[in-house]
Structures are given as C-alpha cells and as structure tokens.
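Here is the structure we will look at.
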Amino acid sequence: MADRVTVIGWDGSPPTAAARSALGAATLVAGAAHHLDLPEVPEGAERVRLGSVALAARRIAGHRGTAVVLADGDPGFFGVVRTLRAPEFGLEVEVVPAVSSVAAAFARAGMPWDDAQVVVAHSRTLRRAVNVCRAHTKVAVLTSPGAGPAELGLLLEGVHRTFVICEELGTSREQVTILTSDKAADHTWRDPNVVIVIGGFVAAAEGGGWIAGREPAGATRGWALPARAYGGALGEGETDLLRAAQLARLGPRVGDLVWDIGCGSGAFATEAARTGAAVIAVDRSPGSCARTEHSARRYGVQMQIVHGSAPHALEDLPEPDVVRVGGGGAAVVSAVADRRPQRIVAHAATRDAAELIGRDLSEHGYDVECALIQSVELDTRAWTEKERSVAFLLSGRLPDRAP
C-alpha cells in the first residue's frame, strides 16, 4: 500500500507550497495528460494516466511509496476523493483543494452561485440533469463526453435557456461562450467543460439567501393549497384532498419529469413543480394554459406549458417519470401507459369509468390501486355542510421500474 496519498486540486494557478512539497516527494503521480506534463512532476516518478479512478486507486493501493493524484478543481466536490476513500482500497487520503470548476465558471460569468443547483451529467444521469435544468432558473452542469452542451441543448427542445459554456478552465485554451440552448448542438465543444444554464420564470428576490440552491417548496407553506390560492373555483378533479392524494401517490422529486394532462387551473402542476421536479402541463383550453402560467409565475416555479389535445399533444414530449391524467379518460390513460412512466394517477366520477381506467392500466402491466375519496367542507361558524365532493382515485405503478 502507498505510504501516503495526497490529492491535489488544480485550477491553473501555480501550485501551493503544500502541493509542491507533496509532488517533490512523490514516487507515483496520477492525473490527466495536462497534469502529468506539469514541470513540478518528478522525472523519476511513475506516471499513471487517470481514466478510471477505481483502476488508479487499485494501482495506488499496490504501490510502495508516496502517491499523488492531480485533479481539476476541488477534488472533494464531485471529484476523485469519494472514490479514493472507498473502504475497499484502504487508502489514507490528504487533500490540497483548489477552486472548483463550478466556482471558476460562475466567476468567469461574473455571477453569484449560492442560488444555483449543481448537477453531474453522464450517460446515466443526463436525462435527470436536463430535468433539473427545466425545473430551475440557474443550474451548473458538470459535463462528460457524450453528455455535454450539445446533448443538453437537444434534450431541452421547447424550453428556452441561455448557456454559458466554459471550456478547459485554467488552461491556455480556456474559452467562455454564451449562446441560447437551441444553438449548442451546432458546435463542437472541448472537454472538460462546465455549462451554466440560465432562464425561466424568476420570482422576485426577497433579501439574501440562507441555503445553497433553491428551497424546493418555495416561500409558501403547505401543500394542496385551497382554491383561492389559484384564483377561485377549480375543476372537479382539482379539489384539495384529491390533489394531495395524487401528489402522495406520484411522489415527484428533483430530477423527475412530471406530465400534468388536463392541467386546468395549474394547481397540481404548480405544486408538483414546488417539489423541485420538472413539469410539462398540457391542456386544450387556451384559458387553462394562461391560468397555469399565471400560477407558475405567482409561485416562482418553472414549467413548460403545451396547448393541445391529448393524446396527440403527447407524441413529441420527452419521456415522463410520473403522470397525472386530469382529463381525457381511459383513452388518454392508455396513451400515457404506452410511454411506460413509473407511476400514473387519474380520477373518475363513476365506478364504471374507474373500472375502465383500472382495467386498461392492468393490461399495460401496472399494479393498480383505487380509492373512493369523499370530502365535506364545513362552515365552522355553524358547523354546517358547505360543499361535498366525491371521486375515485386510481393509481398505477410499474413493478419492474425503480420506485
């Protein structure tokens, strides 16, 4: 096992005294090509090109001597330190940090970043990273080959965002480019790069922040807000308790894409967006689309609003994780089930309609639950009944998909 492993962050600045000392004593140095070419790397040290960090860690674990690992930016921030500290390697790690590539990118852009989301995009997480860009107004994306600016731009089709693309930060080839997301696929980008994604509805600022990123629930306390919070009367499928139950069944979360079909007032779409999920709201009524946009702006959440009739309006939409069907009945539920989201919720006014939707979900391979939800609103001044609503809540879950 290596006597000592020092991980040194590199941001293009001259090495610190601690970094020079560690490099001077190193008998093995691992890093990217531009790291291994640094004049501070000892001529007699074994050099390991850093591709797979796990393979390098095994090599270091079997090395007798002093090892140094060079990494871009702060190696403890989405970096190599996590892998090197894995128990199976048994390495004792010291870290000499540098300015992270995210901090450097925002500095180049002249922007604060305490209110930004930070995500990593690679082949497994690209889609979820794009959903975060849909759902938030400021996101830093740490990219990788095959999951870079071009791919982000292509998957954001229909959503206008501005990209600040920072290539090869800290090197002599550093370059910063600003363009709209629809133009990103027209260029070839050099790795490594960081993409700052900006745009969407921006809520009015209220003083300084206190937590990094954005509070998912926003400033409004509570869920399943009453009708008055959305401008008055809501549709039969938008009652407070039904919305609360639908949200509970779907469980939208950061990185998810939610479809709200037949969005009505936008009450459900807005509350799904408040969880931090990306939302596409669909309705055939221009008035409903306008009300939904108003609700989104009022509560400072992001969503894409599509005017059109389901199921035809769904054909070109990106794949959803969870879906609420607020209108269209069994035909729309069937079209949604063909897209295989993890979970689907719908409602029906009669038992016959509920059975039809339930059978269709079962035929598509979903585990189906149905509950009769009845709510009675009381006037607490006289404790008399004001309004009663009854609906069948149906939910389907794919057993072969992650929860």
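Can you confirm whether segment 189-204 contains a residue that is open to solvent by 50 Å² or more (accessible area, probe 1.4 Å), modelled with pLDDT of 90 or more, not polar (S, T, N, Q) and not in a loop (DSSP other than H, G, I, E, B)? No, segment 189-204 contains no residue that is open to solvent by 50 Å² or more (accessible area, probe 1.4 Å), modelled with pLDDT of 90 or more, not polar (S, T, N, Q) and not in a loop (DSSP other than H, G, I, E, B). Being more than 22 Å from the chain's Cα centre (by Cα) and open to solvent by less than 10 Å² (accessible area, probe 1.4 Å): is that true of Gly266 here? No. Considering segment 1-56, the residues that are part of a helix (DSSP H, G or I) and closer than 16 Å to Thr83 by Cβ include one that is least open to solvent (accessible area, probe 1.4 Å), namely Ala56. Remark: pairs (first residue in segment 342-368, closer than 20 Å to Gly235 by Cβ; second residue of a type outside the set (A, V, I, L, M, F, W, C) and crowded, with 16+ Cβ neighbours inside 10 Å; Cβ separation under 6 Å; 6+ apart in sequence or on different chains) = Ile344/Gly396; Val345/Gln246; Val345/Arg249; Val345/Arg324; Val345/Ser395; His347/Gly237. Comparison of Pro75, Pro112 shows that the only residue that is free of Cβ contacts under 8 Å to residues at least 24 places away in the same chain, outside any helix (DSSP H, G or I) and out of contact with any Asp or Glu (no Cβ under 8 Å at 6 or more places or on another chain) is Pro112. The condition (being aliphatic (A, V, I, L, M), under 23 Å from Gln304 (Cα atoms) and outside any strand (DSSP E or B)) is satisfied by just one residue among Val141, Val159: Val159.
One line per residue, one yes/no per condition, for (1) open to solvent by 40 Å² or more (accessible area, probe 1.4 Å); (2) of a type in the set (A, V, I, L, M); (3) closer than 23 Å to Gly329 by Cβ:
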{"position": "Tyr230", "(1), (2), (3)": "no, no, no"}
{"position": "Leu242", "(1), (2), (3)": "no, yes, yes"}
{"position": "Pro286", "(1), (2), (3)": "yes, no, yes"}
{"position": "Ala290", "(1), (2), (3)": "yes, yes, no"}
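Of all the listed residues (Thr171, Thr177), the sole one being in contact (Cβ under 8 Å) with a residue 12 or more places away in the chain, assigned to a loop (DSSP other than H, G, I, E, B) and open to solvent by less than 60 Å² (accessible area, probe 1.4 Å) is Thr171.
The values are calculated or read from the model by the stated rules, or taken from the named source; none is laboratory data. On a predicted model such as this, the values are computed, not experimentally measured, just so you know. Using ideal geometry, Cβ is built from the backbone for each residue, glycine included, and neighbour counts are taken over all protein chains shown. When the accessible area is computed, the model is the full protein with side chains, heavy atoms only, and any ligands, DNA or RNA have been set aside. Shrake-Rupley method; radii C 1.70, N 1.55, O 1.52, S 1.80 Å.
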